[in-house]
Structures are given as structure tokens and as C-alpha cells.
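The values are calculated or read from the model by the stated rules, or taken from the named source; none is laboratory data. Because the structure is a prediction, the values reported are computed rather than measured. Every residue, glycine among them, receives a Cβ derived from its backbone with ideal geometry; neighbour counts consider all protein chains shown.
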Amino acid sequence: MPGLVRRWLDVVGPFLGLLLVLGLLALSEEARPFIFTGANFKVVLTQTVIVAIGALGMTLVIVSGGIDLSVGSVVAFTSVLGARLLVAGVHPAWAVAGVIAAGGIIGLLNGAIIAGLRMLPFIVTLGMMGVVRGAAKWLSNKQTVSAPEDSPVNAIMARVKPSELLPLPHGVWIAVALAALMAVVMNRTIFGRHAFAIGSNEATARLCGIRVRWTKLWIYGLAGLFFGTSGLMQLSRLTQGDPSVAVGLELDIIAAVVIGGASLSGGTGSVLGAMIGALIMAVLRNGTNQLGWETYVQEILIGVVIVLAVGVDRFRHARAR
Amino acid sequence: MPPRDSRSNCVSATSPRTVAETSVARLRLQGIRKAFGATQALRGVDLVLQPGEVHALIGENGAGKSTLMKVLSGAHAPDAGRIELDGQRFEPSDPLDARRAGVAMIYQELNLAPHLSVEENILLGSTPHRWGWIHRRERAARAREALAQLGADDIPTRAPVSSLTVARQQLVEIARALLAQPKVLIMDEPTSSLTRVDTENLFRVIRRLAASGVAIVYISHFLEECQALCSRWTVLRDGESVGSGPMEGTPVEEIIRRMVGRDVQDLYPRTPHELGPTVLELRQLGGRPKPESVSLSLRRGEILGIAGLVGAGRTETLRVLFGLDAWRGGEAFLEGRVDRGAEPCERLAHGMGLLSEDRKGEGLLLNRSVSENLLMTRLGPVTRLGWVSPRRVREQAGRWIGAMEVKTAGPETPVGHLSGGNQQKVALGRLLYHDARILLLDEPTRGIDVGSKASIYRRIGEAARDGKSVVFVSSYLPELLGVCDTVAVMSRGRLVASRPASEWTEHEIIAAAIGQPEPAATAGKPLS
């Protein structure tokens with residue numbers, strides 16, 4: 001059954017990519033003892049959290065045929081907002097809620113403009129990228145805002161016992177839980193199925209009675225909640241809100257989603273794939289670091305991997321057609 | 001005249017008479033055959049054109065006209081037969097080759113770059129240049145020359161094409177075709193989006209071209225136009241040329257008889273069904289851009305066919321009714337309630353479903369699975385507490401794949417991998433699974449194999465038996481007469497007649513669809 005094999009490959013493909021990267025790293029005698037340790041995996045997983053949570057929202061957006069370029073700015077803005085709320089003495093629970101909600105509101109705004117004015121998501125979110133980045137600088141007075149040192153928010157991403165794999169930071173578990181939740185939402189809820197339908201063919205979606213514009217609004221809103229959560233993780237990791245952080249993060253996130261098998265033309269993509277995609281990039285960065293390679297080598301490598309991953313995907317699907 | 005192309009050996013300068021005396025036709029087609037898979041699209045076409053002749057090519061939708069034109073313009077190679085251009089064998093390898101040899105084609109849909117200027121469009125692909133730098137003065141001069149040939153010197157060559165009316169855009173397109181100094185110009189339904197006045201103008205242009213020696217193949221559904229313009233006619237039916245003659249002295253009746261000419265076979269299984277009370281009534285429904293005015297009533301358990309030419313507004317009527325196009329005027333009564341239009345989602349909620357004529361572009365999510373496409377409009381029954389249950393999806397999808405006789409490797413196969421007929425069964429299956437009470441079917445059997453057609457006819461009959469009402473738009477008259485209880489005919493945006501199917505003949509339907517052009521109806525806004 002070639003059909004079955006192909007579907008199986010769709011699921012396992014990104015895993016094979018990850019194994020390939022790990023395998024290549026294992027070839028290096030000198031780096032192996034540093035790369036394949038619990039402590040290092042802990043570092044890699046912690047580094048993946050921000051991209052991974054952002055990729056959850058981005059998967060939803062890309063599957064529906066859209067794109068969101070404002071993620072990096074939203075992460076910076078919400079991290080600053082969180083730090084300021086904590087400094088102002090707001091209860092940490094409320095601060096966390098406020099950070100996530102702020103992401104959601106920005107997302108809803110994106111969605112409202114895209115659906116309401118029927119504008120291209122690329123343009124709308126490109127504009128929002130600038131607006132939100134500016135707002136972050138304005139809110140922080142162009143300076144980093146340190147969170148109070150004893151704030152429980154800092155503990156979310158803190159690495160207790162850095163020399164061992166366990167316990168993993170809470171942020172990693174939160175990312176895993178959110179990924180599981182999102183996978184179910186996308187595959188098992190009517191909202192999720194409608195997102196796929198809109199991305200696959202908007203005209204058909206309309207013909208099938210899907211309220212395309214409302215669904216888009218909620219898609220960007222929900223994605224915004226994830227981006228706000230990413231901002232929270234950013235704040236926790238740096239223990240400060242930095243208005244100039246996460247520049248270009250949106251491209252890393254889009255790359256993760258695309259390496260995971262999603263198509264930028266919409267209609268295909270998976271949460272699991274996006275998570276593996278995020279991991280592949282983190283492992284590559286970390287591995288080349290451990291090998292002592294220059295950062296420009298990393299940049300070239302990651303660029304090649306993105307094109308390669310999508311190229312392989314195209315090739316497979318071109319033959320399937 | 002533009003500079004002479006050295007490749008063309010005898011073009012417009014040769015007077016028609018000389019060529020006729022040597023009895024070499026400008027274009028001669030003999031026994032052209034072409035098959036696509038198992039479908040024999042052309043099964044023997046003969047066509048002869050003299051220089052300076054305007055020749056009407058007439059046939060019903062699906063008679064093979066477009067295939068023939070694609071063969072002539074080099075897009076398809078014929079399987080058998082011989083084409084001669086000025087007595088020499090003509091075997092174009094592609095459309096560009098055909099154009100160079102002197103066969104140009106004007107399609108029904110204009111092929112212009114709307115943002116570019118008139119002169120840029122006319123000389124697109126043959127822009128005069130020196131080392132890559134555009135020779136602007138020469139470009140303007142050649143564009144003006146080409147337009148002058150058409151008597152359209154008043155079109156501003158610097159203006160963007162999008163600022164012109166459709167009629168003038170068409171002249172720009174013809175001017176572009178003239179640059180290659182064609183010996184044969186093929187025009188496919190050139191008047192379908194023109195007003196009366198523009199049509200008259202176009203006829204003047206065509207006569208002028210013919211007088212300069214170009215042979216013109218004029219394809220049109222509008223027989224009265226053909227009579228006014230053309231000197232000879234050829235009728236295609238089921239991929240064969242079934243008659244040819246001088247326009248003068250041939251009554252329209254004769255041409256229509258040749259267009260229809262086949263026996264209605266008993267391909268259409270009828271499921272007995274009873275008609276109930278009226279469920280849908282339209283009173284002068286109007287939409288943007290079409291239709292003009294449609295009044296009809298549909299009863300419970302009725303299969304109502306709508307016939308008409310391409311562009312008569314049949315598809316648009318369904319789309320307006322379903323909420324996909326804008327509602328412009330008129331009233332509807334849906335199950336007794338006054339209705340002024342609604343969104344597609346509300347229509348589906350009220351039990352109305354639409355099968356799109358554009359299966360790939362709109363009807364189906366091609367890269368999603370069969371089960372997803374079947375169940376998309378009604379996920380309720382496959383969910384438990386708001387969550388889609390994979391087990392229920394499998395069960396329901398399996399049931400409907402069986403009921404619709406869909407041939408697929410499984411419910412998870414992307415629907416784009418299925419054959420056209422099976423795709424259509426999935427699209428129709430979606431409406432039946434949705435349990436829509438009113439089914440709007442737009443060309444449900446277009447481009448699918450005979451077996452799938454029969455299967456779809458059966459499903460339609462069963463739906464009517466179960467008390468559902470069906471509106472069946474089709475360009476294929478035998479199936480309308482074979483399947484429907486009532487057949488209505490649309491012409492130029494209006495529903496012009498409606499009778500029980502048994503009281504129609506194909507001949508009468510075609511006559512009604514062609515209609516007499518009423519100024520009020522034809523003066524409507526052109527599309528786009």
C-alpha cells in the first residue's frame with residue numbers, strides 16, 4: 001500500500017530529519033561527550049521552548065493559509081509588559097494572565113483587520129510587527145526592565161541542577177502540554193478542521209458553510225495567546241523584559257513549522273512536525289556551538305536545512321500528485 | 001501595414017480571387033480525430049476555408065469546438081487527419097509555432113495584462129528593441145498601425161488596458177493577433193460579453209479583416225449573429241462535422257436540426273417519485289452581475305432542469321440563491337417564508353446545498369481526505385462532546401463511500417487522487433450526507449465518465465424519491481430531458497420558458513436558449 005507508506009512517511013519524516021542531525025553530530029569524536037549529555041539536552045530543550053510555543057500558534061495560522069510576522073515583536077512587547085506589571089507589584093498570577101491576554105488581543109487585532117478588511121495577512125502582520133515593536137520600546141522607555149529577583153515568574157524557565165537532565169524546567173513541560181492540547185484542538189475540534197479547510201481552499205470552505213471570517217479572527221486570536229505565552233517564557237528566561245529581544249524570531253518559528261511539513265500555501269501541517277522542526281534547529285545550533293564552529297556556519301547550515309526540508313517535502317508530494 | 005514577416009510566403013497582399021482560381025483553400029481540415037484517454041473528443045472533422053471568408057463554426061456545448069480550436073492553434077496534436085494551410089501541410093508543435101505560421105486565436109476570455117499600456121500589450125513578446133533597450137517610438141507606431149487596421153485609431157496607446165471598456169480591450173487583443181500577420185484568425189464567442197452596439201462595431205472590424213484576405217473562423221452560439229456575419233457554416237456534433245454550406249439560403253431550422261440530430265437513448269434510469277407542495281419560489285430574482293430576472297417554482301420531490309447557453313446566467317442564479325453572489329433584487333419564498341438572501345452557512349443550516357460546477361477550484365478540498373470532504377458541512381454527528389471522534393468519522397465516511405459507490409483506496413486518501421467521476425461522487429455525497437432538502441446541482445456530470453454519470457443520475461432520482469427537491473443545471477440536453485420532471489430555459493440572464501420535460505424537444509430548447517436578442521437584455525454590463 002503505497003498510500004499507507006506515504007502517510008507514515010508524512011508523520012515520521014521530521015523525526016528522521018532529527019535523527020539524521022543527531023547522527024551527524026555523533027560522528028564527531030571530540031564533541032560527542034559534550035553533546036550527548038543530560039545537561040546539554042536540558043539546555044537544548046530549554047532553548048527550544050520559546051520557538052516551540054510560538055510554533056504552536058504559527059502552525060494554526062499557516063495551516064489556515066495565513067502567516068503572522070508580528071511574533072518577535074509580540075514576544076518583546078509582552079516580556080516588557082510582564083516585567084513592568086511585576087515591578088508594579090501586580091500579583092504574579094495576574095501578571096502572567098495579563099501577558100498572555102496581551103498576546104491574544106494583538107492577535108485578535110490582526111485577525112480583525114485580515115478578516116474584516118480582507119487584507120493579506122503578510123501585510124497586516126508586517127505592519128503589526130513594527131507597531132508592536134515600537135510599543136514595546138515606548139512601554140519600556142527603550143530600556144530593559146528587570147523583573148523582581150524573587151518573582152516566581154523567573155522560576156518557570158530556571159534550570160535547577162544544571163548538570164543533570166532532570167528536573168526539566170517547568171517551561172519545557174508547559175510547552176509539551178500545550179503541544180498536546182494544540183494537536184488535539186487541530187485534529188479533533190470543528191474549529192481545527194475548519195482551519196484546515198480554509199487553508200486548503202477558502203472558496204470550498206465558504207461553499208461548505210464555514211464562517212470563514214469569524215474563524216480567521218479566532219485563529220489569529222488563539223495564535224496570539226501562544227505568542228504571549230512565548231513572551232512569558234522569554235521574560236522568565238532572561239528575568240527581564242527587553243524591548244529589543246527576539247528580532248527575527250518569527251522567521252525561526254516559521255522555519256520550524258515549515259521544516260515540520262507544513263505548506264505555506266495552507267491546508268497541511270502538523271503540531272508534532274512543528275515541534276520536531278523547532279528541535280532540529282535548536283540541536284543544530286547547540287551542536288555546532290559544541291563543535292566550536294563559528295556562528296556564521298550555523299546560519300548557513302540552518303538556511304540549507306530549511307530549503308532542504310521543504311525541497312524533500314515538495315519532491316515527495318510532487319510524485320504523489 | 002506592419003513590416004512584412006519574411007516567413008509568411010503569401011499573406012494579405014494576395015487577393016482572394018487569385019487563390020480561389022488556383023483552388024487552394026486557405027485552410028483545409030480533413031478527418032481530424034483526437035481522443036483524451038477513453039473519450040473520443042473529435043471523431044472526424046472536415047472544414048474548408050477560403051481566403052477572405054468568415055466561416056461560422058456551430059455546435060452545442062461539448063460538441064468538440066474547443067478541442068478542434070486547440071488542435072488548430074497548436075495546443076493539441078491531432079491523432080489522425082490532415083491540416084493544410086495554403087496547400088501546405090500544417091503541423092504546429094505548439095501555439096507559438098501556429099502563430100508564426102499564421103494561425104491566430106482570440107479566446108473568449110481576454111488574455112491581456114491589465115496594468116500595462118495598450119501599446120505594451122499589443123507588442124508583448126515582440127517588443128522592438130535595440131540591445132534590450134525598448135524602442136518606444138517604433139513600439140507606439142506599430143501599435144497605432146495595428147489599431148488603424150481595425151479602424152480603432154482612437155484608442156489611446158499609452159493608456160492602461162484596464163481603463164478601456166471590454167469591447168475596446170477585445171480590439172487591443174485582435175490588434176495583437178494582427179501583428180503576426182495571420183492568414184487564419186479564430187474567434188471563440190467574441191460577442192458573449194459585448195453590447196449590441198459593440199457587437200455591430202466588431203462585425204465591421206471582422207468584415208474589414210476578411211476583405212483584406214484573412215480567413216476567419218467564427219465560433220458562436222448566436223445563430224442570428226452567424227447569419228448576419230458569416231458566408232459559410234459548418235456544424236459540429238459529438239466531435240464530427242455533420243454538415244456545411246453557404247449561409248445564404250440555409251434556414252436556421254436546418255442548422256438547429258443538424259446540431260441536435262441524435263436519438264435520445266434510454267441512458268437515464270428514472271426512479272418513480274411524487275411531487276409535493278412548492279418549497280421554493282423565485283420572483284424576478286436578480287443578482288450581481290447576473291442573472292437579470294429569474295422566476296421559477298420548485299416543488300417537493302421535483303427535479304427541475306435549467307438549460308441555457310454558457311453565460312446565460314444559470315450558474316449565477318444558483319450562486320445568488322445560495323448566498324455566494326450578491327442578491328440584487330426580486331423575491332424568494334423558501335418553504336413559505338419570505339427570503340431575501342443569506343450567507344452559505346445559513347443556507348446549509350436551512351437544508352439547502354450547492355454542488356459547484358468548478359469541482360477542483362471550489363467544490364473540493366483537493367489535498368484533504370475523502371472523509372473530510374464528505375463530512376465537512378456537518379461534523380455534528382461525528383463528534384462526541386464537541387470533539388471529533390475518529391471512529392465515527394471512519395464509520396460515517398465508510399458508509400457514504402459505499403452509498404455513493406466511490407472508488408477509493410480508503411477514507412484517508414486525498415480526494416485529489418481520485419478520478420473526476422469519483423471526485424464528483426464525493427462532492428454530491430457531501431450534500432446527501434448533509435441531508436439537504438434542496439439540492440442545487442451545477443453541471444454535476446461535466447467531464448466525468450459514463451458509469452459515474454449513471455451513478456449520479458440514480459442518486460438524484462433517489463433523492464427526489466426521498467422528498468428532496470433538485471435544481472439541475474446542465475449544458476447537456478439529453479440528460480436534462482432524461483432526468484428532469486421540468487425543464488426551464490435561460491437566455492441572456494433571463495429565465496425565458498419552463499415546461500414539463502415531456503413537452504420539450506431538444507430543438508425547442510435550443511431555439512429558446514438562443515432566443516431573439518432583445519436590446520434590453522443584451523445591453524447589460526459586461527463581465528468583470
Identify, please: which residue in the range B:353-366 is within 14 Å of A:R206 (Cα to Cα) and not in a helix (DSSP H, G or I) and is, among those, nearest to the other protein chains (Cβ to nearest Cβ)? B:L365
Looking at A:I123, is it free of Cβ contacts under 8 Å to residues at least 40 places away in the same chain and not polar (S, T, N, Q)? yes
Out of B:V294, B:V242, B:V260, B:V252, I need the residue that is of a type in the set (V, I, T) and loosely packed, with under 15 Cβ neighbours inside 10 Å. Which one? B:V252
Criterion (under 30 Å from B:I83 (Cα atoms), touching a Lys or Arg at 6+ places or on another chain (Cβ under 6 Å) and modelled with pLDDT of 85 or more) met by exactly one of B:L178, B:L209, B:L123: B:L123
When B:L321 is run through (1) surrounded by fewer than 20 Cβ atoms within 10 Å (Cβ to Cβ); (2) within 14 Å of another protein chain (Cβ to nearest Cβ), the failure sits at (1)
Could you grab me the full set of residues in the range A:162-186 that are touching a Phe, Trp or Tyr at 6+ places or on another chain (Cβ under 9 Å) and either assigned to a helix (DSSP H, G or I) or within 8 Å of chain B (Cβ to nearest Cβ) (or both)? A:L178, A:M182, A:V184, A:V185, A:M186
Looking only at the range B:367-414, and only at residues there that are at the interface with chain A (Cβ under 10 Å from one of its Cβ atoms) and over 22 Å from A:V185 (Cβ atoms), the one that is surrounded by the most Cβ atoms within 10 Å (Cβ to Cβ): B:P414
Would you check which residues across the range B:147-160 are among the hydrophobic types (A, V, I, L, M, F, W, C) and modelled with pLDDT of 90 or more and list them? B:L147, B:I155, B:A159
Out of the residues in the range A:198-215 meeting the condition of being in contact (Cβ under 8 Å) with a residue 40 or more places away in the chain and either part of a helix (DSSP H, G or I) or not polar (S, T, N, Q) (or both), tell me which one is nearest to the other protein chains (Cβ to nearest Cβ). A:S200
Among the numbered criteria (1) in contact with a helix residue (DSSP H, G or I) (Cβ under 6 Å, 6 or more places away or on another chain); (2) modelled with pLDDT of 90 or more; (3) small (G, A, S), which one does B:S117 miss? (1)
Considering each residue of the range B:43-101, count those that are in a helix (DSSP H, G or I), buried (at least 22 other Cβ atoms within 10 Å of the Cβ) and touching a Ser or Thr at 6+ places or on another chain (Cβ under 6 Å), and give that number. 1
Across the range A:230-253, the tally of residues that are polar (S, T, N, Q) and part of a loop (DSSP other than H, G, I, E, B) stands at 2
Hey, any hits in the range A:106-120 for a residue that's buried (at least 23 other Cβ atoms within 10 Å of the Cβ) and under 11 Å from A:T229 (Cα atoms)? no
Considering every residue within the range A:6-14, establish whether at least one is more than 14 Å from chain B (Cβ to nearest Cβ), touching a residue at least 12 places away in the same chain (Cβ under 8 Å), among the basic types (K, R) and in a helix (DSSP H, G or I). no
Among the residues of the range B:456-469, is there at least one that is more than 14 Å from every other protein chain (Cβ to nearest Cβ) and hydroxyl-bearing (S, T, Y)? yes
Residue, modelled with the lowest pLDDT, within the range B:161-173, restricted to residues that are in a helix (DSSP H, G or I) and β-branched (V, I, T): B:V166
Looking at (1) in a loop (DSSP other than H, G, I, E, B); (2) in contact with a Lys or Arg (Cβ under 6 Å, 6 or more places away or on another chain), find the lone condition where B:R378 falls short. (2)
Tally of residues being surrounded by 24 or more Cβ atoms within 10 Å (Cβ to Cβ) and either assigned to a helix (DSSP H, G or I) or touching a strand residue (DSSP E or B) at 6+ places or on another chain (Cβ under 8 Å) (or both) across the range A:259-275: 5
Can you tell me which of B:S93, B:S73 is more than 30 Å from B:L480 (Cα to Cα) and touching a Lys or Arg at 6+ places or on another chain (Cβ under 9 Å)? B:S73
Which residue, of A:I53, A:I114, is touching a residue at least 60 places away in the same chain (Cβ under 8 Å), within 20 Å of the chain's Cα centre (by Cα) and in a helix (DSSP H, G or I)? A:I53
Assuming B:V310 fulfils every condition listed in (1) of a type in the set (A, V, I, L, M); (2) away from chain A (no Cβ under 14 Å); (3) surrounded by 24 or more Cβ atoms within 10 Å (Cβ to Cβ) apart from one, which condition is it? (3)
Report yes if A:L238 is in contact (Cβ under 8 Å) with a residue 12 or more places away in the chain, within 14 Å of chain B (Cβ to nearest Cβ) and surrounded by fewer than 20 Cβ atoms within 10 Å (Cβ to Cβ), otherwise no. no
Is there any pair linking a residue in the range B:338-352 that is within 10 Å of another protein chain (Cβ to nearest Cβ) and within 13 Å of B:L440 (Cα to Cα) to one that is basic (K, R) and surrounded by 15 or more Cβ atoms within 10 Å (Cβ to Cβ), with Cβ under 7 Å and at least six apart or on different chains, and which? B:P344/A:R206
Which of the following residues is without any contact (Cβ under 8 Å) to a residue 40 or more places away in the chain, touching a Leu at 6+ places or on another chain (Cβ under 8 Å) and on the phi > 0 side of the Ramachandran plot: B:G64, B:G102, B:G74, B:G81? B:G74
Counting only residues in the range B:367-409 that are in contact with a strand residue (DSSP E or B) (Cβ under 7 Å, 6 or more places away or on another chain) and of a type in the set (A, V, I, L, M), the one nearest to A:R211 (Cα to Cα) is identified as B:L379
Every listed condition ((1) modelled with pLDDT of 90 or more; (2) under 20 Å from the mean Cα position of the chain (by Cα)) holds for B:I448 save (1)
With a cut-off of at least 2 residues that are assigned by TED's automatic domain parsing to the domain that holds B:R465 and more than 17 Å from B:V54 (Cα to Cα), name the strands (runs of 3 or more DSSP E) lying wholly within the range B:174-290. B:278-288
Mind checking which residues of the range A:246-276 are within 14 Å of chain B (Cβ to nearest Cβ) and aliphatic (A, V, I, L, M)? A:A262, A:L264
Quick one: is A:G130 touching a Leu at 6+ places or on another chain (Cβ under 9 Å) and either touching a residue at least 60 places away in the same chain (Cβ under 8 Å) or not acidic (D, E) (or both)? no
